[in-house]
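Read-outs: derived from the displayed coordinates by stated rules, not from any lab. Keep in mind the model is a prediction, meaning the values are calculated, not measured. Cβ placement follows ideal geometry from the backbone for every residue including glycine, while neighbour counts extend to all protein chains displayed.
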Amino acid sequence: MEVLDLIRQLNHERGRTVVAVLHDLNQAARYADHIVAMRAGRIIAQGPPRDVVTAELVREVFGLTSVVVPDPVTGGPLVVPGMAWQPTPREVRTPRRG
C-alpha cells in the first residue's frame, strides 16, 4: 500500500501518467482514476472505478458472486465477496466408515 500511495502522490504532484496492472480489485478501485477490466485478452469494461467495478462485472470477469459497497475511507467501490461455494444437497457425501 505504501508503494501505491507514493505512486499516486507522484502522479498528482508531477502530472505523470502511471500505468499499473493490479489484480486486487479493491486496490485498483482505490488508487486508479481509470480501470480497464479484461477477460481472456479482451476488454470487458473501462472507465472510472465507480462505473466499472460492479457486482455484475466481478461475476462476469472473475466468476465471483459479490456485493459492491462504498469504501468507508474513499467512498469508491469496495468489493465484498459473496457466499462461498457450497455443495448442492446431491453433492454432499456422507463419510465412509471403516
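Worth pointing out:
- In region 43-54, the residues that are touching a residue at least 12 places away in the same chain (Cβ under 8 Å) and within 16 Å of ARG30 (Cα to Cα): GLN46, GLY47, PRO48, PRO49, ARG50, VAL52, VAL53, THR54
- Among the residues of region 22-58, those identified as loosely packed, with under 10 Cβ neighbours inside 10 Å and more than 20 Å from LEU78 (Cβ to Cβ) are ALA40, GLY41, ARG42, ILE43.
- If you go through region 55-69 and pick out every residue that is more than 15 Å from ASP24 (Cα to Cα) and in contact (Cβ under 8 Å) with a residue 24 or more places away in the chain, you end up with 0.
- Single unsatisfied condition, VAL68 versus (1) farther than 23 Å from GLN9 by Cβ; (2) among the β-branched types (Val, Ile, Thr); (3) assigned to a loop (DSSP other than H, G, I, E, B): (3)
- Scanning region 34-44 for residues that are under 17 Å from VAL19 (Cβ atoms) and touching an Asp or Glu at 6+ places or on another chain (Cβ under 9 Å) returns ILE35, ALA37.
- You will find that of ALA40, ALA32, ALA28, the residue that is within 10 Å of the chain's Cα centre (by Cα) and not β-branched (Val, Ile, Thr) is ALA28 and no other.
- Residues (among the basic types (Lys, Arg) and either closer than 16 Å to GLY63 by Cα or part of a helix (DSSP H, G or I) (or both)) located in region 5-41: ARG8, ARG14, ARG30, ARG39
- Among the residues listed as GLY63, GLY75, the single one being exposed (fewer than 13 other Cβ atoms within 10 Å of the Cβ) and under 14 Å from the mean Cα position of the chain (by Cα): GLY63
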